[in-house]
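Below: the structure, in structure tokens.
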Amino acid sequence: MTENESPTDSGTAILEDDVVEALEEVIDPELGLDFVSLGLVYDVDIEQTEVYVTFTLTTPACPIGPQVSEQMKEFVGDMPGVTGVHPKMVFDPAWSPELMTDDAKFALGF
């Protein structure tokens, strides 16, 4: 087992790559791009069957924090073996456009 996976009680593993893929379903409604491509997901930590996601928003004044947390719980929580999803919103370090993928930068004209 690698450091990017965690065993569940059923013997299957929750993989960090699968969690990140599920988080790609969380879309910023104003920008129309997913949170992963925008560089808003800072960390994914898997502890047995629990997934902890550290994320930020483009600005602290952005009102979508609760909506994003619920979407993360929904999309990651639907994964086999996941019993809990714990989103944590942080603003340190602050988000900047440099954190976006090249495709997201292109789509937004950076």
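What the table below lists for this structure:
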| quantity | calculated |
| --- | --- |
| DSSP-loop chymotrypsin sites (Phe, Trp or Tyr not before Pro) across the range 31-91, with at most 13 other Cβ within 10 angstrom | Phe91 |
| Kirkwood Rh, Cα atoms: Rg over Rh of the chain | 0.99 |
| Cα long-axis angle, helix 65-77 against the chain (0 to 90 degrees, to the nearest 10) | 30 |
| Cα Rg, Dmax, the range 59-110, angstrom units | 14.1, 39 |
| Relative contact order (%) - the chain, alpha-carbon pairs under 8 angstrom, separation at least six | 27 |
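Read-outs: derived from the displayed coordinates by stated rules, not from any lab. The model shown is predicted, which means the values in this text are computed figures rather than measured ones. Every residue, glycine among them, receives a Cβ derived from its backbone with ideal geometry; neighbour counts consider all protein chains shown.
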